[in-house]
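Visitor: Handing you this structure, nothing more for now.
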């Protein structure tokens, strides 16, 4: 079955390249997250006027809400190069040092999943962010010494889905902490309207609203559904995408009326059938599902919690009445 989530690593790189033409080209085209965009726009204009590197920024929030797209727009607005790396991919201090010593003045370093960097690697960033300097320890024991390497002024943009896992020393070195919220349906509908034009298709209003409603408040998912709808309408020779095309595409993607996919429903059904609607601890739930605990907490739970389908108690996860009613639907 097709994985309908885009995570990090190679898949993240594929997402960046594949979604390039659907990403906003300027701040005016960037829909939603108005408070975040207003802050970034102010910081960019100030940096350009001062001819200096923009202050470091921490972007937090669920995946797929536009953090990478915003970093690309910042780089474009400043006229600098964007360097994209993933926190888990930085295994040694030397890996990060090599990146930092090879960037040009005012360039943007975007670290995705920055909360997953090893603490020993993270420590290099402290002096790099604060003083634009690398402090590297050479040797061991009594003969150890510190070598300092000057860096050019740069901007670090950190992206995280779990800001609470960042250490305080690293978090405090970001001059701005900006949080991304899930999108409203009307905002997603505007994004779909713009991206349908880029894909050279027409959506009727009902089709547009239905995709928006089932996109989990996430532009990345809305764009993925839009592509599948495009494919179905193209094969059917439909010049305008209508509700029937959307319903068929959503059925193929196994997305139900609440925007839940098969894994979402599996989580709810396991709690219902194995643990009598809860409470159940995350370790037990992870073992029963055969799914990584971190994936459950970062990818699936945020939307289930937001929609009031899943509740957290001191003893673990509990199903709400809304969830029990939804999974009892025999059509699911």
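Visitor: Return yes when residue 159 is assigned by TED's automatic domain parsing to the domain that holds residue 54 and over 28 Å from residue 24 (Cα atoms) and no when it is not. Can you show your working first?
Guide: On the way: assigned by TED's automatic domain parsing to the domain that holds residue 54: yes; over 28 Å from residue 24 (Cα atoms): no.
No: the conditions fail for residue 159.
Visitor: Of the numbered conditions (1) assigned to a helix (DSSP H, G or I); (2) without any contact (Cβ under 8 Å) to a residue 12 or more places away in the chain, residue 249 satisfies every one except a single condition; which is it?
Guide: Of everything listed in (1) assigned to a helix (DSSP H, G or I); (2) without any contact (Cβ under 8 Å) to a residue 12 or more places away in the chain, residue 249 misses just condition (2).
Visitor: Then there is this: Take the conditions under 22 Å from residue 23 (Cβ atoms) and over 24 Å from the mean Cα position of the chain (by Cα) and apply them to residue 237. Does it pass?
Guide: Numbers: under 22 Å from residue 23 (Cβ atoms): no; over 24 Å from the mean Cα position of the chain (by Cα): yes.
For residue 237, the condition - under 22 Å from residue 23 (Cβ atoms) and over 24 Å from the mean Cα position of the chain (by Cα) - is not met.
Visitor: Related question: Please find, within the stretch 194-208, the residue that is nearest to residue 241 (Cα to Cα) out of those that are touching a strand residue (DSSP E or B) at 6+ places or on another chain (Cβ under 7 Å) and assigned to a helix (DSSP H, G or I). Lay out the reasoning, then the answer.
Guide: Residues of the stretch 194-208 that are touching a strand residue (DSSP E or B) at 6+ places or on another chain (Cβ under 7 Å), as a first pass: 196, 201-204, 207.
Going one step further and asking which of them are assigned to a helix (DSSP H, G or I), we end up with 196, 207.
Working: 196: 10, 207: 7 Å.
For the stretch 194-208, the residue satisfying everything is 207.
Visitor: Right, another one. Residues that are in a helix (DSSP H, G or I) and either farther than 24 Å from residue 31 by Cβ or over 22 Å from the mean Cα position of the chain (by Cα) (or both): does the stretch 209-218 have at least one?
Guide: We begin by selecting, within the stretch 209-218, every residue in a helix (DSSP H, G or I); these are 209-213.
Next, only the ones that are either farther than 24 Å from residue 31 by Cβ or over 22 Å from the mean Cα position of the chain (by Cα) (or both) stay: 209-210.
There is at least one residue in the stretch 209-218 that is in a helix (DSSP H, G or I) and either farther than 24 Å from residue 31 by Cβ or over 22 Å from the mean Cα position of the chain (by Cα) (or both).
Visitor: If I ask for residues that are surrounded by fewer than 15 Cβ atoms within 10 Å (Cβ to Cβ), touching a helix residue (DSSP H, G or I) at 6+ places or on another chain (Cβ under 7 Å) and free of Cβ contacts under 8 Å to residues at least 12 places away in the same chain, which ones from the stretch 272-291 would you list?
Guide: Selection gives 283 alone.
Visitor: Restricting attention to the stretch 292-330, which residues are in a helix (DSSP H, G or I), over 25 Å from residue 159 (Cα atoms) and in contact with a helix residue (DSSP H, G or I) (Cβ under 9 Å, 6 or more places away or on another chain)? Give the steps one after another, and end with the answer.
Guide: Our first condition is that a residue be in a helix (DSSP H, G or I); within the stretch 292-330, this holds for 293-306, 321-327.
Filter again for over 25 Å from residue 159 (Cα atoms), leaving 321-327.
If the condition is that a residue be in a helix (DSSP H, G or I), over 25 Å from residue 159 (Cα atoms) and in contact with a helix residue (DSSP H, G or I) (Cβ under 9 Å, 6 or more places away or on another chain), then 323, 324, 326, 327 are the ones that fit.
The values are calculated or read from the model by the stated rules, or taken from the named source; none is laboratory data. Everything numeric in this text was worked out from a predicted model, so none of it was measured. Heads up, the Cβs are rebuilt from the backbone with ideal geometry, glycines too, and the neighbour counts pull from every protein chain shown.
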